[in-house]
1. Identify which of Pro47, Pro331, Pro272 has the largest mean-square fluctuation in a Gaussian network model of the chain, with springs joining Cα atoms closer than 10 Å.
2. Could you name the aspartates and glutamates whose alpha carbon sits less than 15 Å from that of Lys303, not counting residues in the same chain fewer than 8 places away?
3. About its Cα centre, how strong a charge dipole does the range 274-345 have in debye, to the nearest 20, once Lys and Arg get +1 and Asp and Glu get -1 at the Cβ?
4. Net charge near Gly102, counting Lys/Arg +1 and Asp/Glu -1 over other residues with Cβ under 9 Å of its Cβ?
5. Which GluC sites (Glu not before Pro) in the range 44-116 pass both tests, a DSSP loop state and at most 15 other beta-carbon atoms within 10 Å?
6. In the structure shown, do any of Lys64/Lys308; Lys114/Lys216; Lys141/Lys305 have a Cα-Cα gap over 30 Å, and if so which?
7. Just check the range 134-265 against the gyration tensor rule for me: Cα atoms, a ≥ b ≥ c as the square roots of the eigenvalues, rounded for a/c under 1.5, and otherwise prolate or oblate depending on whether a/b exceeds b/c.
8. Which loop-located trypsin sites (Lys or Arg not before Pro) does the range 77-131 contain, where loop means any DSSP state but H, G, I, E or B and the Cβ has at most 15 other Cβ atoms within 10 Å?
Amino acid sequence: MRRNFLKGLTATLSMAVMMGMPTIATAQTAAEFYKDGIIKFIVPYKPGGGYDEYGRLISPFLEKYTGARVDIVNMPGSGGLKGANEIFNSPADGLTIGIINGSAMVTNELAEIKGASYKVADFNFLGRMVADQRVLAVSVKSGIESYDDILTSEKPVLLGATGLGGSTYVDAVIIGSVMGNNQKVIHGFNSSSDVRQALLRGDIQGMWGSWGSARKGVAAGDFRIVTHSARDGDANTPGIPSIFEYAAKLDNASLAQEVLVAWDALSAVGRPVATPPGVAEDRVAFLQEAFAKAITDPEFLEKAKQAKRAINYIDGPKMVEAASLATNLTPEVRELFVAAIRGEL
């Protein structure tokens, strides 16, 4: 009798499918959802730049570990703001991910830049690809041997920077405010590459920027690193005191350290990959696991090495912590950062 009942149920279900009638849905795992699907990977800058290369390096390996096709979509505009908004406001189905300029997005949010329709800490982070160490590079021709020379200089030290609110500008004015050194920030350069060219010409004496951007000039003997952001030492800058070491000697060391921790957190956000808020937890967990496997895949790491692209991975939960540190500031520190970002310092 039971066998006849099951036969009847099977026949009924088969007839329902044939007639287009609704049937009982079965639970779908995240792996099943992504298999043979299409993931849109947004790069908030034009093709050919660093963000684009990171996206194209990682996408084949995300395909490998998700089972989905990953399509790169370049969406330049407003210094990465357009792409970040697109990722944040995409449907919460987990089929849109993207790489963002985390530091720039944090500064936009802090200064309440018009058009920033996101909250950095609310992204679902898959993980961070890289966060480059910040360094103060000076021209060897400048005669500046160490950061102490800058601190004791009677003449203003000329530092170059891109536009107001850019990382090279924010680094310079934040550190200058904390340390109280005699400096003048020459801003308005179109790119950090233009600032480096001015440094080579002798138009300026130094600039803040990433180690990745400064290393070629250091290797060529044109630039010298005099201080940096690595609190616990770094293989790139052996024997060179960090700005934290200099700040520890100040009379207002406690406040200085508080500001520098927030500044360092801004850099630590780096270049993360994220999906919008509201995506189902199992899909976020699946994407985080796939991203972890992709970015630690030996073949990927070899390709990144060949492309001379540094990898400094942290996972999704640690990215949440970094974003929280960079955005949850005390009123006093926030006021300083906003003034720096808006070019009021």
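1. It is Pro331.
2. Asp52, Glu53
3. 340
4. Local net charge: +2.
5. Here the GluC sites (Glu not before Pro) that fit, given the DSSP loop and packing criteria, are Glu112.
6. Long pairs (Cα-Cα over 30 Å): Lys114/Lys216; Lys141/Lys305.
7. Rounded, since a/c falls under 1.5.
8. Within the range 77-131, the qualifying trypsin sites (Lys or Arg not before Pro) (loop, at most 15 other Cβ atoms within 10 Å) are Lys114, Lys119.
Since every read-out is calculated from the coordinates, none of them should be taken as a lab result. As the structure is a computational prediction, the values presented were derived from the model and not from experiment. Cβ sites come from the backbone with ideal geometry, for glycine too, and all protein chains shown count toward neighbours.
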